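Trainee: Mind having a look at this structure? Questions to follow.
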Amino acid sequence: EHEPLVLGIETSCDETGVGIVRGQTLLADTVASSVDEHARFGGVVPEVASRAHLEAMVPTIERACAQAGVRLQEVDAVAVTAGPGLAGALLVGVAAAKALAVGLGRPIYGVNHLAAHVAVDVVEHGPLPEPTMGLLVSGGHSNLLLVPDVTCDIRSLGATIDDAAGEAFDKVARLLGLPFPGGPHIDRAAREGNQVAIDFPRGLTSGRDMDRHRFDYSFSGLKTAVARWVKAREDSGEPVPVADVAASFQEAVVDVLTRKAVLACREHGVDDLLIGGGVAANSRLRAMAQERCDAAGVRLRVPRPGLCTDNGAMVAALGAEMVQKGREASRLDLPADSSQPV
Ligand code: KG4
Ligand code: ZN
């Protein structure tokens with residue numbers, strides 16, 4: 001019995017990712033990033049990203065095949081992120097996947113980027129429990145997903161109503177004079193700081209806000225609070241305690257993320273929480289999630305950092321799940337959908 005060999009392409013933001021899996025075994029994961037080209041703008045520039053994908057696509061596919069030790073002709077199916085993401089960036093990946101599928105005479109599977117962030121963990125920790133609760137936190141999204149079946153049934157319980165968690169990290173890093181993308185720099189600075197030094201607000205966690213937005217997130221008020229606090233310090237002529245601000249800000253974000261995720265597990269009777277997206281690399285998030293999951297009797301799954309950030313392996317992994325579960329392939333005129341819901 002031959003397990004399907006699936007090649008996955010991811011181009012929804014600034015990483016050109018190509019991954020290859022056989023069944024649930026990861027054979028290759030190659031990523032070319034244009035993040036350095038965006039750094040001087042302090043954020044991802046869509047046009048720059050599309051152009052970089054175009055230049056990186058063929059070499060990245062070739063590197064993936066070499067890494068996996070397979071020839072393109074052996075691929076059984078092609079999977080590609082169809083959305084959500086930057087429209088022009090998605091188009092490059094979808095066009096490349098169509099060309100491959102036609103050239104090889106193989107089916108194409110258009111997959112959802114958020115679902116792929118959840119599905120990737122099968123290559124690291126084995127089959128996904130059904131249901132799994134997914135907390136996705138990256139520069140583009142903050143979502144709480146109830147996942148009965150990652151190939152066809154994902155329910156959105158909540159999302160950010162303003163900034164994504166990673167976006168908040170990046171904006172606060174900028175306020176503190178740290179480079180882009182700021183998440184890893186805040187994480188590092190926070191280790192030298194006191195997380196209870198400043199009591200920053202926890203958005204949508206109490207009263208009517210909590211009633212109305214039980215599993216939603218909000219980080220823009222927190223960002224504004226940090227900006228005000230830093231400005232007051234600067235105006236007073238005192239130095240800004242960067243480590244304390246970083247640690248206190250990070251604590252506020254991580255507190256809300258983990259509190260609501262564990263609450264969602266309890267209220268929906270789900271025993272497994274999976275955290276994905278670039279912010280899942282955050283050391284304080286991992287530690288607090290582990291503590292709160294242990295206390296609530298929930299098992300925690302976090303893929304290794306390289307699989308949490310955008311990559312092609314996650315798309316290949318979800319494609320392979322779809323093949324193995326007998327899901328229907330996409331049509332060849334599959335559109336890129338920048339605002340595709342889960
Ligand atoms: O998933 P990702 O690579 O790309 C998308 O946004 O889709 O996530 C990137 C985000 C950035 O906002 C970055 O600052 C954040 O993940 N990030 C972190 C850490 N590492 C990356 N945020 C907090 N702590 C980290 N260690
Ligand atoms: Zn992502």
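Trainee: Limited to region 171-183, what total is found for residues that are touching a Leu at 6+ places or on another chain (Cβ under 9 Å) and closer than 18 Å to Arg40 by Cβ?
Mentor: Residues that pass the stated criteria total 1.
Trainee: Hey, another quick one. Scan region 248-261 residue by residue and report those that are touching a strand residue (DSSP E or B) at 6+ places or on another chain (Cβ under 7 Å) and among the β-branched types (Val, Ile, Thr).
Mentor: The answer is Val256, and nothing else.
Trainee: Would you be able to tell me the number of residues in region 318-342 that are at pLDDT 95 or above and within 14 Å of ligand 2 (Cβ to nearest atom)?
Mentor: 2
Trainee: Scan region 290-320 for residues that are β-branched (Val, Ile, Thr) and farther than 16 Å from Leu273 by Cβ and jot them down.
Mentor: The answer is Thr309, Val315.
Trainee: Could you give me the residue pairs with C-beta distances under 7 Å whose first residue belongs to region 309-322 and is over 14 Å from Val150 (Cβ atoms), whose second residue is more than 13 Å from ligand 2 (Cβ to nearest atom) and among the hydrophobic types (A, V, I, L, M, F, W, C) wherever it lies, and which are 6+ apart or on separate chains?
Mentor: That search, which allows pairs on different chains as well, returns Gly312/Ile9; Gly312/Val18; Gly312/Ala64; Ala313/Val21; Ala313/Leu26; Ala313/Val123.
Trainee: Starting from region 4-21, keep only residues that are within 12 Å of ligand 1 (Cβ to nearest atom) and at pLDDT below 95, then list their pairs with residues that are among the hydrophobic types (A, V, I, L, M, F, W, C) and in a loop (DSSP other than H, G, I, E, B) whose Cβ atoms are within a distance under 8 Å, requiring at least 6 positions of separation or different chains.
Mentor: What qualifies is Cys13/Val44; Cys13/Leu86; Asp14/Val44.
Trainee: Then there's this: Output the number of residues of region 1-31 satisfying the condition of being out of contact with any Asp or Glu (no Cβ under 7 Å at 6 or more places or on another chain) and either crowded, with 19+ Cβ neighbours inside 10 Å or not acidic (Asp, Glu) (or both).
Mentor: 17
Trainee: Quick one: in region 273-302, of everything that is more than 8 Å from ligand 1 (Cβ to nearest atom) and assigned to a loop (DSSP other than H, G, I, E, B), which residue is farthest from the chain's Cα centre (by Cα)?
Mentor: Among those that are more than 8 Å from ligand 1 (Cβ to nearest atom) and assigned to a loop (DSSP other than H, G, I, E, B), it is Gly297.
Trainee: Among (1) touching a His at 6+ places or on another chain (Cβ under 8 Å); (2) buried (at least 17 other Cβ atoms within 10 Å of the Cβ), there is one condition Cys65 misses while meeting the rest; what is its number?
Mentor: Answer for Cys65: the failing condition is (1).
Trainee: Condition first: away from ligand 1 (no atom under 16 Å from the Cβ), touching a residue at least 24 places away in the same chain (Cβ under 8 Å) and more than 27 Å from Pro184 (Cα to Cα). Now tell me which residues in region 104-128 satisfy that.
Mentor: Scanning region 104-128 gives Leu104, Arg106, Pro107, Ile108, Tyr109, Gly110, Gly126, Pro127, Leu128.
Yes/no per residue for (1) more than 22 Å from Ala119 (Cα to Cα); (2) of a type in the set (Asp, Glu):
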| residue | (1), (2) |
| --- | --- |
| Glu3 | no, yes |
| Gly8 | no, no |
| Arg22 | no, no |
| Glu37 | yes, yes |
| Glu62 | yes, yes |
| Gly69 | yes, no |
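Trainee: Within region 311-320, is there a residue that is of a type outside the set (A, V, I, L, M, F, W, C) and over 28 Å from Glu62 (Cβ atoms)?
Mentor: So far as region 311-320 goes, no, none of its residues is of a type outside the set (A, V, I, L, M, F, W, C) and over 28 Å from Glu62 (Cβ atoms).
Trainee: Would you confirm whether or not region 225-247 contains a residue that is surrounded by fewer than 21 Cβ atoms within 10 Å (Cβ to Cβ), touching a Phe, Trp or Tyr at 6+ places or on another chain (Cβ under 7 Å) and assigned by TED's automatic domain parsing to the domain that holds Val147?
Mentor: Yes; the residues of region 225-247 include at least one that is surrounded by fewer than 21 Cβ atoms within 10 Å (Cβ to Cβ), touching a Phe, Trp or Tyr at 6+ places or on another chain (Cβ under 7 Å) and assigned by TED's automatic domain parsing to the domain that holds Val147.
Trainee: Only one residue in Val75, Val31 is within 16 Å of ligand 2 (Cβ to nearest atom) and either within 23 Å of Ser138 (Cα to Cα) or not hydroxyl-bearing (Ser, Thr, Tyr) (or both), so which one is that?
Mentor: Val31
The values are calculated or read from the model by the stated rules, or taken from the named source; none is laboratory data. All values derive from a computational prediction rather than experimental measurement. Cβ: placed from backbone, ideal geometry, glycine included. Neighbour counts: every protein chain shown.
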